[in-house]
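Here's the structure we're looking at; comments come further down.
Read the figures in this text as sums done on the coordinates, not as results from a lab. As the structure is a computational prediction, the values presented were derived from the model and not from experiment. Here the Cβ positions follow ideal geometry from the backbone for every residue, glycine too, while neighbour counts run over all protein chains shown.
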Amino acid sequence: MVQSPSPDRFRRIDGSDDSLFYQYPRLVVHIDDGAIEKVGEIYAGLLPEGGKILDLMSSWRSHLPERIRPSRVVGLGLNRTEMEDKPALTEIVVHDVNQNPRMPFNDGSFDGAVMTVSVQYLTQPIELFADVGRVLKPLAPFIVTFSNRMFPTKAVALWHGANHDQRVMVVTGYFAHSGAFDRIEKFDRSAPTDPHSDPIWAVAGFTPARGGAD
């Protein structure tokens, strides 16, 4: 996708406020154990050890591998109860990125950011990706992982209308159109050793080498 998607591509079957949908905890596992392991392997290969990590659209299940030993993990999501059930988090921020893609963090606050199986719900993805670039330090990764699972009523039309390869292109386009990332890499974990395991794809962008806060 060369052109930025038109606003109508971000319509949803359920266009109500997301805070209503997530007002009660949804303690469900969105991908199976094999897929969770794949996500952890991708994160382990790209996130810096001992870094400050932003966990976007966070819930109750951590996908960060223990071996990266982050010094700080900030969960940003919609349901505090879910995030309080996530020991990996050192801080919790309740914030609706679809209502306001500008996050309450200073420039250059994080060494890396992740978004796990949630990108399909974004209604202002390019604006959010740009702001993720703002809060990351230079050369920091933002890693977006996704599968073929979703809450259908909350996924945007663009996602519903795309096949798996096109969804990789969609997320790559979000990175490119945000203007905040210098290098973009794609990962395909859709051919599992266990045929019953959920497939996983990932797109990662890296911020350019520029001045940033510590």
Please list 139-147, 85-93 highest first by mean number of surrounding beta-carbon atoms within 10 Å per residue.
139-147, 85-93
What are the ³J(HN,Hα) couplings of the stretch 78-95, residue after residue, when phi is run through the Karplus curve with 6.51, -1.76, 1.60 and θ = phi - 60°? Round to Hz, x for glycine and proline.
10, 10, 5, 4, 4, 5, 5, 8, 10, x, 5, 7, 9, 9, 10, 10, 8, 7
Phi-derived 3J(HN,Hα) across the stretch 67-74 with the Karplus relation (6.51, -1.76, 1.60, θ = phi - 60°), rounded Hz, x for Gly and Pro, is 6, 7, 6, x, 7, 7, 10, 9
Expected sort for 53-59, 42-48 on mean C-beta neighbours within 10 Å, highest first, is 53-59, 42-48
